[in-house]
Amino acid sequence: MKLLDLRSDTVTQPSEAMRNAMFNAPLGDDVFEDDPSVNALENMAADLFGKEAALFCSSGTQTNQIAIKVHTRPGDELICDGFSHIYNYEGGGIAFNSGVQARLIHTKDGIFSPDEIRERINSDNVHFSRTSLICVENTVNKAGGSIWSKEKLELVSQCAKEENLPLHLDGARLFNAIVASNYTTKDIGRYFDTISICLSKGLGAPVGSLLLGDKSFIKESRRIRKVFGGGMRQAGLLAAAGQYALTHNIDRLKNDHENCQKIAHVINECKYVHEVLPHASNLLIFKFKDASVTPRFIAHFAAQGIKLVSSGPTTIRFAFHLDVTEIDLLRIENALRSFV
Ligand SMILES: Cc1ncc(COP(=O)(O)O)c(C=O)c1O
């Protein structure tokens, strides 16, 4: 029985074509900045977003943490949503790496307004922490892959400019948002000062994220990446997979969204499910009433070769990705309908 892994969209295996691209990649030493495949990937990503420069890093955590470090000084405050990955899932890195504290906005979906930002900007007074950064996440992982609309992005971008604060985007799943929306990568490049995108989520590369910004920001980020131990040598092997992912795997993200909708219909019919969160992209979060159901549900799926993980005592998340086939959808449906 083929194992089906729905724990995350990070679990995908590189396709044969991607592996060939990696195998054939010309290589150098990226700490000396002469790996041609890394340089090509960085140029490609910077062009895609209309940014001056890009930096290839090992992970989305690393790109976010470098950005926070470069934008802030110890004792500063950044504004972000209570759902955000930088706050919940980066090991306290905001404090650990940058000595910065987070001022949270509490929303139902990770999407906030200029007013909610402005209420949290500290005035210039020695008693207060200096507000120095605003962070947006799109799509919002913990909120079930919710998607920022163009209008809302324009509003926060305008607000950040008026308040003279840099605006950073955690775009781990930005391309999921883009294929489902009416904005382009160039729009995103205009709205945000700095952008993190991940190649190893829905885009199917084995490793890698990119940080985008202007030349001086990326120059400083390169220094911080080295300090964080993130300088890689023949990284072109990985960058080639990233180039392949950006070229071939963006449009197909729509399939993952369709698959998510199809399974959501089935889940909505399951009496044992208490609540299904809004599911605009590839992540489907649902809850049981009683925590005792969760391990039984996971065991029932495991017995049918489907790997799941809980994301809370009563919460399960299905992540749809490029290794989920039509037949797999039937397997998921059968497992859902046969659970008692
Ligand atoms: C929204 C978001 N940002 C950042 C990350 C971190 O990415 P990585 O696992 O590559 O460190 C993730 C990981 O799932 C994520 O969902």
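The values are calculated or read from the model by the stated rules, or taken from the named source; none is laboratory data. As the structure is a computational prediction, the values presented were derived from the model and not from experiment. Backbone-built Cβ (ideal geometry, glycine too); neighbour counts: all protein chains shown.
The set of residues in region 76-98 that are more than 14 Å from the ligand (Cβ to nearest atom) and aliphatic (A, V, I, L, M) comprises Leu78, Ile79, Ala95. Among the residues in region 224-239, are any assigned to a strand (DSSP E or B), closer than 25 Å to Asn282 by Cα and touching a Leu at 6+ places or on another chain (Cβ under 7 Å)? Among the residues of region 224-239, not one is assigned to a strand (DSSP E or B), closer than 25 Å to Asn282 by Cα and touching a Leu at 6+ places or on another chain (Cβ under 7 Å), which makes the answer no.
Considering region 73-94, the residues that are of a type outside the set (Ser, Thr, Tyr) and assigned to a helix (DSSP H, G or I) include one that is surrounded by the most Cβ atoms within 10 Å (Cβ to Cβ), namely Ile94.
Taken over region 303-340, the criterion of being within 23 Å of Gly202 (Cα to Cα) and part of a helix (DSSP H, G or I) is satisfied by Glu326, Ile327, Asp328, Leu329, Leu330, Arg331, Ile332, Glu333. If you go through region 34-52 and keep only what is in contact (Cβ under 8 Å) with a residue 24 or more places away in the chain and out of contact with any Ser or Thr (no Cβ under 8 Å at 6 or more places or on another chain), you end up with Asp35, Pro36, Ser37, Val38, Ala40, Leu41, Glu42, Met44, Ala45, Ala46, Lys51, Glu52. For region 181-203, a residue qualifies if it is within 11 Å of the ligand (Cβ to nearest atom) and assigned to a loop (DSSP other than H, G, I, E, B), and the qualifying residues are Leu199, Ser200, Lys201, Gly202.
Residues that are in contact (Cβ under 8 Å) with a residue 40 or more places away in the chain, surrounded by 19 or more Cβ atoms within 10 Å (Cβ to Cβ) and assigned to a strand (DSSP E or B): does region 285-292 have at least one? Yes, the conditions are met somewhere in region 285-292.
The single residue among Ala264, Ala239, Ala245 that is modelled with pLDDT of 95 or more, closer than 25 Å to Leu329 by Cα and within 16 Å of the ligand (Cβ to nearest atom) turns out to be Ala245.
For Phe56, the requirement of being part of a strand (DSSP E or B), within 16 Å of the ligand (Cβ to nearest atom) and at pLDDT 95 or above is met. The residue pairs whose first member lies in region 107-124 and is within 16 Å of Leu155 (Cα to Cα), whose second member is in a helix (DSSP H, G or I), and whose beta carbons are closer than 6 Å, counting only pairs six or more residues apart or on different chains, are Gly110/Ala143; Ile111/Lys152; Pro114/Leu155; Pro114/Cys159; Ile117/Cys159. Checked against the criterion of being touching a strand residue (DSSP E or B) at 6+ places or on another chain (Cβ under 6 Å) and under 17 Å from Met44 (Cα atoms), the candidates Leu203, Leu246, Leu211 yield just one match: Leu211.
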